[in-house]
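A.B. asks: Encoded as structure tokens, here's the structure I'll be asking about.
The values are calculated or read from the model by the stated rules, or taken from the named source; none is laboratory data. Quick caveat: nothing in here was measured; it's all calculated off a predicted structure. Using ideal geometry, Cβ is built from the backbone for each residue, glycine included, and neighbour counts are taken over all protein chains shown. The accessibility values were calculated without ligands, DNA or RNA, using every heavy atom of the protein model including side chains. Shrake-Rupley method; radii C 1.70, N 1.55, O 1.52, S 1.80 Å.
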Amino acid sequence: MFGVSMINKLHKDRSWQSIALLILGFGASFLFLAYAMETLPMGTAYAIWTGIGASGGAILGMLLYGESKDWKRIFFIAMVLGAAIGLKLVS
């Protein structure tokens, strides 16, 4: 989620700090994915990683950038997170 929000920051402020934070955010994200893959199957780890990233990006957009908070959008975010949790439970 941090890396995604840094993409938005980079578009608004093209400074070396924005680039460094973007690289740091995505580097940490890939590091945590690699760590998760030590205990989870690759498909499950990647599904959870992408689910958290997509849902987190949408939630950050709603909270920080004034994007729509329509109930349908929240419902589908919950479905993505529920599917990721379900994959973990059955793996």
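A.B. asks: Rounded to a whole number, what % of the accessible area of the chain do carbon and sulfur atoms account for, probe 1.4 Å?
C.D. replies: 74 percent
A.B. asks: Okay, moving on. Along Cα→Cβ, 7 Å out, is where each label goes; now give me the distance between the ones at Gln17 and Leu60 in nm to one decimal.
C.D. replies: Calculated label separation equals 1.7 nm.
A.B. asks: Going by accessible area, probe 1.4 Å, with all protein chains left in place, what is the ranking of Leu22, Leu89, Leu64, Leu81, largest first?
C.D. replies: Leu89, Leu64, Leu81, Leu22
A.B. asks: When the scattering of the chain is computed by the Debye formula from its Cα atoms alone, each counted once and equally, what is log10 I(q)/I(0) at q = 0.18, 0.19 Å⁻¹?
C.D. replies: -0.87, -0.93
A.B. asks: Run the simple label-point estimate for Ser91 and Ser68 please: 7 Å along Cα→C-beta, distance reported in nm.
C.D. replies: For Ser91 paired with Ser68, the spin-label model returns 3.2 nm.
A.B. asks: Still on this structure: If each DSSP helix of 4+ residues adds -39,500 (n - 2.57) and the sum is divided by the residues in the chain, what number results at 222 nm, nearest 500 deg cm²/dmol?
C.D. replies: Rounded to the nearest 500, it is -28000 deg cm²/dmol.
A.B. asks: Go through Leu40, Ile23, Met79 and say which Cα lies farthest out towards the positive end of the charge dipole of the chain; charges sit on Cβ, +1 for Lys and Arg, -1 for Asp and Glu.
C.D. replies: Most positive-ward Cα: Met79.
A.B. asks: How large is the charge dipole for the chain, taken about the Cα centre, if only the Cβ atoms of Lys, Arg (+1) and Asp, Glu (-1) carry charge, to the nearest 20 debye?
C.D. replies: With Lys and Arg at +1 and Asp and Glu at -1, about 200 debye.
A.B. asks: Let me ask something else. Over the chain, with the other protein chains present, what is the accessible area per residue in square angstrom, probe 1.4 angstrom?
C.D. replies: In whole numbers, the chain has 69 Å² accessible per residue.
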